[in-house]
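Written out below as structure tokens is the structure these notes cover.
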Amino acid sequence: MNNKDKYGEVFTPSYLVEQMIDDAKMIMGNDFFLSKRNIFETGCGKGVFYSTLMQHIQSSTPYIMNEINAEHESILHAHIPSCRPHDKVFICDLFDMVCDWKLDEKCQYDLVWGNLPFQSGGKKFVPGLATFHGNDSAVTNPKDVVTIWPKMIHVLFEHVLKQGGYFFGIIPCIWLKKDRACIYDLFVKQHKLCFLKVFHSYEAHKLFGYKCQTPMCYVMVQKMNQPSTEDPMDQTFSLYDADVNQYIDFTLLRDYCIPTAHASLFQTQVVHIQNTPNYVSCYDKLKKISLWKQSIVDEASVFFNQKSHTRLRDHIVENPYIYKVITGASVNKKQNNELVLHGFVSSLPGLYYGIPKLILPHKRLLKLFKDESGTYSCYGRDMYVFLCPHGIDEINALEQLLSTNKAIQMIEHGFSIRMNFIEKYVFQYINYDLK
């Protein structure tokens, strides 16, 4: 097992650390790092954060480096000059280290920063791995892989970071909507989000030497321990917008996702939402398809995809007890980006058969399919449906609403946390107004 799989070890380029330092000084003030009484870094690798900061900031602030991989111990010690006797290296597991601390050693650090390991204990499964390892359960169903960064963040906030101190880290973007690990709530509701810059999957992949395949970000959060309320205030923070090549003031509405692109466009929508009484979003009407029922597939007789000689929509079904089931879609670039439905016909229907609806069958592109008579049903995942019980007029109005350039830009590109898939949370920003 290599160090990436074992420890989640992916080294940070120094120019990215320089960018983080520059952004922190610009937004938080030139003396941000100089004003800190001590700094703690976990998962420090070969010490690029330490060495880069020392080159840019002339400070005597004590700096603690924590790293689990003992291979790097000598390199880390070599970074520390003799004139900085208070800087230390601890080669150990963060969780063991914190457990060994005495009570008066906890919550003492003004700044906790670094590039947190995303997972440890093996290679996390992604569908692409099944191409050559489909029969290897160690690859398709790994047992010991742990997504470690959320656990580390909770420990850092609870035991390492002092009240009023700052967390400044590189982490995946999955927390930009309400998540199972509650990082969204931790950053947005319990503490104060200061600024955020997002890198899409292709940018992150290049930044980290083609060893990072997920959208990632760097984010600064101040530990504030805000009182918990049933109706927390909207929070304004600095969000980087690549469209204007600068940070903008972005207002995050309660429980809304944080856009990963086109921040200025989303901010105009925020103002619209705030000024719209009884606002109803498309998110409130959207249904996500998540159905894996093998019996439906077992009863299938004909399958359709882009390579099929016939199309699912053209297939004639004369038996009233045979159903058309959509599982996804692709586009035929040779036929003017024609939408090609994937699926099968089966003696068992999938979801929402018999209901007029507008289907979004493509994982990445906003391609709309109108099922005016409810002839089709749905099966699989990463597909969305608007149910339209009022029929064709409702379907046409919704299609018109979602076909504007603004809606397409927001839905296809505005919120990407898993490769480039369309995410349901972005529909929070689109008004369900079918006038």
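The values are calculated or read from the model by the stated rules, or taken from the named source; none is laboratory data. What you are looking at is a predicted structure, and each value in this text was computed from that prediction instead of being measured. Reconstructed Cβ throughout: ideal geometry from the backbone, glycine too, with neighbour counts over all protein chains shown.
Pairs please, first residue from region 88-108 and in the same structural domain as Glu158 (by TED's automatic domain parsing) and under 16 Å from Ala70 (Cα atoms), second anywhere and of a type in the set (D, E, K, R) and surrounded by 13 or more Cβ atoms within 10 Å (Cβ to Cβ), Cβ atoms under 7 Å, 6+ apart in sequence or on different chains.
Val89/Glu73; Ile91/Glu67; Ile91/Glu73
Tell me, which residue of region 398-435 that is crowded, with 16+ Cβ neighbours inside 10 Å and β-branched (Val, Ile, Thr) is modelled with the lowest pLDDT?
Once the filter is applied, the top-ranked residue is Ile417.
In the set Tyr218, Tyr247, which member is surrounded by fewer than 21 Cβ atoms within 10 Å (Cβ to Cβ) and modelled with pLDDT of 95 or more? Steps first, answer last, please.
Details: Tyr218 fails: surrounded by fewer than 21 Cβ atoms within 10 Å (Cβ to Cβ).
Just one listed residue meets the conditions, Tyr247.
Among strands (runs of 3 or more DSSP E) lying entirely in region 1-111, which contain 1 or more residues that are over 29 Å from the mean Cα position of the chain (by Cα)?
On the way: elements: 39-42, 63-67, 88-91.
Result: 63-67, 88-91.
With (1) in a helix (DSSP H, G or I); (2) surrounded by 14 or more Cβ atoms within 10 Å (Cβ to Cβ) as the list, and Tyr256 as the residue in question, which single condition is left unmet?
(1)
Please specify each residue of region 381-397 satisfying the condition of being crowded, with 20+ Cβ neighbours inside 10 Å and in contact (Cβ under 8 Å) with a residue 40 or more places away in the chain.
Residues satisfying the conditions are Met383, Tyr384, Val385, Phe386.
If you take the residues in region 197-212 that are closer than 13 Å to Pro13 by Cβ and of a type in the set (D, E, K, R), which one is surrounded by the most Cβ atoms within 10 Å (Cβ to Cβ)?
Glu203
Of the residues Tyr425, Tyr376, only one is at negative phi and within 29 Å of the chain's Cα centre (by Cα); which? Even if it seems obvious, please write down each step before you answer.
Details: Tyr376 fails: within 29 Å of the chain's Cα centre (by Cα).
Just one listed residue meets the conditions, Tyr425.
Condition check: assigned to a helix (DSSP H, G or I), touching a Lys or Arg at 6+ places or on another chain (Cβ under 8 Å) and either within 23 Å of Phe49 (Cα to Cα) or of a type in the set (D, E, K, R) (or both). Does His159 satisfy that?
yes
Mind telling me which of the residues Asn66, Asn38 ends up being in contact with a strand residue (DSSP E or B) (Cβ under 7 Å, 6 or more places away or on another chain), under 17 Å from Met152 (Cα atoms) and assigned by TED's automatic domain parsing to the domain that holds Pro117?
On the way: Asn38 fails: under 17 Å from Met152 (Cα atoms).
Unique residue meeting the criteria: Asn66.
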